[in-house]
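What follows is one structure encoded as structure tokens, with my remarks underneath.
The values are calculated or read from the model by the stated rules, or taken from the named source; none is laboratory data. Since this is a predicted model, take the numbers as computed values, not measurements. Note that each Cβ is placed from the backbone with ideal geometry, even for glycine, and that neighbours are counted across all protein chains shown. These area figures cover heavy atoms from the full protein model, side chains too; ligands, DNA and RNA do not enter into them. Shrake-Rupley method; radii C 1.70, N 1.55, O 1.52, S 1.80 Å.
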Amino acid sequence: MARVVVDVMLKPEILDPQGQAVQRALPRLGFDGITDVRQGKRFELEVEGPVDGDALARVRELAETFLANTVIEDFTVRVVEADGAERAVSGTQAPTEGATA
């Protein structure tokens, strides 16, 4: 079995009230220097057999139709290898400089 992780985040232009609430609370709790917080969801899926192109296509379809609301959320799909190494394979947001999607 292999593990595939789907991370879902609100798109940058969408207001994130939970993230804002956390960000406002941090200085009161002694955590200074944090300028922004975005809250998201993480799904860990155990996949039978090898994580090949077909399996990743199924996971991507699952993410697009069930796990994420792609009107307001972006998602990334990544494979976690048995040794803990990760590889990003797809997402709904174009990669930014220094990031993979």
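For the chain, the solvent-accessible area with a 1.4 angstrom probe is 67 square angstrom per residue. For the stretch 1-27, the residues whose amide N sits under 19 Å from a probe point set 7 Å from the Cα of R42 along the beta carbon direction are 2-11, 18-20, 22-23. Pop a pseudo-label 7 angstrom from the Cα along the beta-carbon direction at both E64 and A82 and give the gap in nm to one decimal. Here the modelled spin labels are 3.1 nm apart. Counting only protein heavy atoms and a probe of 1.4 Å, the accessible surface of the chain is 53% carbon and sulfur. In the chain, Cα pairs under 8 Å separated by at least six residues give a relative contact order of 35 percent.
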